[in-house]
Amino acid sequence: MSTENIVPHFHVATTPHDPLPEYGGRKAILYHSADRKRVAASFHESGKASMTMPFDDFSYVVAGTAQMTVDGGEPISLKAGDAFYLKQGQDVTFDLSHDFHVVAMLVSDDPIEV
C-alpha cells in the first residue's frame, strides 16, 4: 500500500499523550507534514497561560471549559462542542479548567515545534 493512501486517525479518549508541563497537562501529536508546517494534535491543558500565537490554530473543544481573551478584547467562554480559530501573531490569554481538552490543527509558514 502506498503511503498516499494512509489516513492518520485516532480516538481522542484513548490516544497516548506525552507530558506538557508548561501548560499543566499533556499532548499527543497525531500528524505532522514532512515539512512540519501542518500539525494535528490533542492537548489536555489547565491553568492560566498567555502567549503570542506562533502559528494559526483551529481547535475543537472536546472537554472542559475556558475563558479566552484575544488581543485585549472581551473574554470568550468556551465549552465542549465549541470550535475556534486563532491567527498567528494574536496575543491570547487562556484560563482553562482542570479537564480542558482540545483537538487542534496548527498551520504555519515555518516549521512548528510543539
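The values are calculated or read from the model by the stated rules, or taken from the named source; none is laboratory data. As the structure is a computational prediction, the values presented were derived from the model and not from experiment. Every residue, glycine as well, gets a Cβ built from its backbone with ideal geometry; the counts of neighbours run over all protein chains shown. When the accessible area is computed, the model is the full protein with side chains, heavy atoms only, and any ligands, DNA or RNA have been set aside. Shrake-Rupley method; radii C 1.70, N 1.55, O 1.52, S 1.80 Å.
Being at pLDDT 95 or above, part of a strand (DSSP E or B), surrounded by 14 or more Cβ atoms within 10 Å (Cβ to Cβ) and hydroxyl-bearing (S, T, Y), is that true of even one residue in region 96-104?
Yes, because at least one residue in region 96-104 is at pLDDT 95 or above, part of a strand (DSSP E or B), surrounded by 14 or more Cβ atoms within 10 Å (Cβ to Cβ) and hydroxyl-bearing (S, T, Y).
Considering only region 85-94, how many residues are closer than 14 Å to V61 by Cα and either open to solvent by 70 Å² or more (accessible area, probe 1.4 Å) or not aromatic (F, W, Y) (or both)?
Total meeting the criteria: 2.
Could you check how many residues of region 10-60 are part of a loop (DSSP other than H, G, I, E, B) and either touching a residue at least 24 places away in the same chain (Cβ under 8 Å) or open to solvent by less than 30 Å² (accessible area, probe 1.4 Å) (or both)?
Number satisfying all stated conditions: 12.
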